[in-house]
């Protein structure tokens, strides 16, 4: 917003079950766990988004992946399981596995299966 010759920078706020994802012009991504607040800086930032943390119950788990380098320095993907109860906030180089399992088709057929009918991220 602009008022006269002054520009008002938007403020982004994250609560207890949220986090801020700041994408910088230099290519870095900053993750700020809530509660946190930050003003959008058009010189340094591409975007600032408020994201929801994943709440994991005691009977649930997430499969999380991260880009790393092995002992030789070659690219490698590391996998870990996050057990609940927890509040999960990914770091900039992590992502959560999305499971796509076959299931019963919507037409109710008991003799065939629908590929990717069940999509979820939390294992029970």
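In the stretch 17-41, what residues are in contact with a strand residue (DSSP E or B) (Cβ under 8 Å, 6 or more places away or on another chain) and in a loop (DSSP other than H, G, I, E, B)?
Narrowing the stretch 17-41 to residues in contact with a strand residue (DSSP E or B) (Cβ under 8 Å, 6 or more places away or on another chain): 17-25, 29-40.
Correct list: 17, 25, 34, 35, 40.
So which of 53, 58, 37 is under 23 Å from residue 122 (Cβ atoms) and over 12 Å from the mean Cα position of the chain (by Cα)?
58
Answer yes or no as to whether residue 68 is out of contact with any helix residue (DSSP H, G or I) (no Cβ under 9 Å at 6 or more places or on another chain), more than 22 Å from residue 17 (Cβ to Cβ) and assigned to a loop (DSSP other than H, G, I, E, B).
Values: out of contact with any helix residue (DSSP H, G or I) (no Cβ under 9 Å at 6 or more places or on another chain): yes; more than 22 Å from residue 17 (Cβ to Cβ): yes; assigned to a loop (DSSP other than H, G, I, E, B): no.
Judged against the criteria, residue 68 is not a match.
For the stretch 73-90, the criterion of being surrounded by fewer than 15 Cβ atoms within 10 Å (Cβ to Cβ), in the same structural domain as residue 121 (by TED's automatic domain parsing), in a loop (DSSP other than H, G, I, E, B) and at pLDDT below 95 is satisfied by at least one residue.
The values are calculated or read from the model by the stated rules, or taken from the named source; none is laboratory data. All values derive from a computational prediction rather than experimental measurement. All Cβ positions, even for glycine, are placed from backbone atoms using ideal geometry, and neighbour counts span all protein chains on display.
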